[in-house]
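> Following this message is one structure expressed as structure tokens.
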Amino acid sequence: MRHSSMISGANAGSAAIVMPVEGTVDFKVTDEHRLCGPWAPFVLDPHEEFHATLSDETHLFIVQLPCLREGRYRHAFLSHQSRLVEGLTNFLYETPFFRDYKHAQRRVERFSRRLYDCLETGSLPCSGPPERKNVNDDGRLCKAIQLLNHALDKDIDIKAVASRSGLSLRNFHYLMKQYTGQSPYQYVRGRRLIKAREAIIQDYPDRISVSQQAFNWRFQHAGRFSSYYRQHFGEYPTQTLRELDHLKQLTHHVRSAGDNFREIRQYWLTSSASPMQHSLRSHSRMDEQEA
């Protein structure tokens, strides 16, 4: 979020964790009011209504936990805050190495089950045994991945990246598989797909050209890009554009209002469960789906 914002709505049917990585979020729920700064998570219980005020330049990490569907979880986590942050941090460091949306879903479900088991046993060792070694443990691999990330919009010489990082090409491939489960080429393709998707969304609707964005991120064949995109995100680029069209139709639910501050704040009604939006329910049942 680039600008300060006010968001009102209701959580979905499972617990969600919202953690600022940058900026602050001031949460208000029925029985609590808390200001969360960087790396201070806030747990929203299932179906809980909330109001959140976001500062400028806020970067949020949000994860919905499918296994946590019953009960009140926020207060159960409060006494284990440091361990919850540790678990979230470790999970966040995994996300660049998710192979596709199916892999991401499995990792979220695994993390959710781990939290559920921890609550059931009364302890919270959220991090758990790692599936693979931590990339941060190998400085050479960290440097190589950093070089790849900085050159995603250019032609990449994998052998040169390995050499600049103090690795042989064979060792680079071996370490990438050991630490990330991907080859260097698979990692680069996944990151480029994410960059292309971000560009498609950010440029909508005025400057959109899927084929141009694909080319900008080094995909030379439009049909192949579409296939890779479908494998990675579970939908084709045209489906992403249709969803953006659908969201645009709901912009009458987004209201801007000036206040005593210099910034313009956005007031978002994010769910038909919000009391202020009851009068809008008759317009479309898609409101509930978007929540």
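The values are calculated or read from the model by the stated rules, or taken from the named source; none is laboratory data. Everything quoted here is computed from the prediction, not taken from an experiment. When we count neighbours, we look across all protein chains shown, and the Cβ atoms used for this are built from the backbone with ideal geometry, even at glycine. Remember, those area values only see protein heavy atoms, side chains included, never the ligands or the DNA or RNA. Shrake-Rupley method; radii C 1.70, N 1.55, O 1.52, S 1.80 Å.
> Under 19 Å Cα-Cα from LYS159, which lysines qualify once same-chain neighbours fewer than 8 residues away are excluded?
Answer for LYS159, where 19 Å is the Cα cut-off: LYS143, LYS177, listed by chain and number.
> Could you give the length gained by full extension between HIS33 and SER79, i.e. 0.36 nm per residue of separation minus their alpha carbon distance, to one decimal place?
Value of the extension gain: 14.8 nm.
> Still on this model: Can you list the residues, at least 5 places off or on another chain, whose amide H is less than 5 Å from the amide H of ASN11, using H built in the peptide plane?
HN-HN under 5 Å from ASN11: HIS47, GLU48, GLU49, PHE50.
> I want to check the label-to-label distance for MET6 and ALA160. Put each point 7 Å from Cα in the C-beta direction and report it in nm to one decimal.
Output for this residue pair reads 5.3 nm.
> Keeping every protein chain in place, order ILE145, ILE194 by accessible area at 1.4 Å, biggest value first, i.e. largest first.
Largest accessible area first, the residues go ILE194, ILE145.
> Spin-label point model (7 Å from Cα, Cβ direction): what's the GLN249 to ASN136 distance in nm?
4.5 nm
> Separate question: For a label point 7 Å from the Cα of LEU147 along Cα→C-beta, name the residues of the range 186-210 whose backbone N is under 15 Å from it.
Counting backbone N atoms under 15 Å from the label point, the list is 188.
> Taking a 1.4 Å probe, which of ARG218, ARG106 shows the most accessible area, and what order do the others take after it?
ARG106, ARG218
> Compute from the Cα atoms of the range 118-236 the Rg and the Dmax, the latter being the longest Cα-Cα distance, and quote both in angstrom.
Just the Cα atoms of the range 118-236 yield Rg and Dmax of 17.7, 53 Å.
> In the range 88-115, which residues have a backbone nitrogen under 11 Å from the label point lying 7 Å from SER183's Cα in the Cα-to-Cβ direction?
none
> Here is a further query. Could you tell me the relative contact order of the range 88-213? Use alpha-carbon pairs under 8 Å, at least six residues apart, and round to a whole percent.
23 percent
> In addition: Karplus couplings for the range 155-164 from phi (6.51 cos²θ - 1.76 cosθ + 1.60, θ = phi - 60°), rounded to Hz, Gly and Pro as x?
Listing the rounded values in order: 5, 10, 9, 4, 5, 5, 4, 4, 4, 5 Hz.
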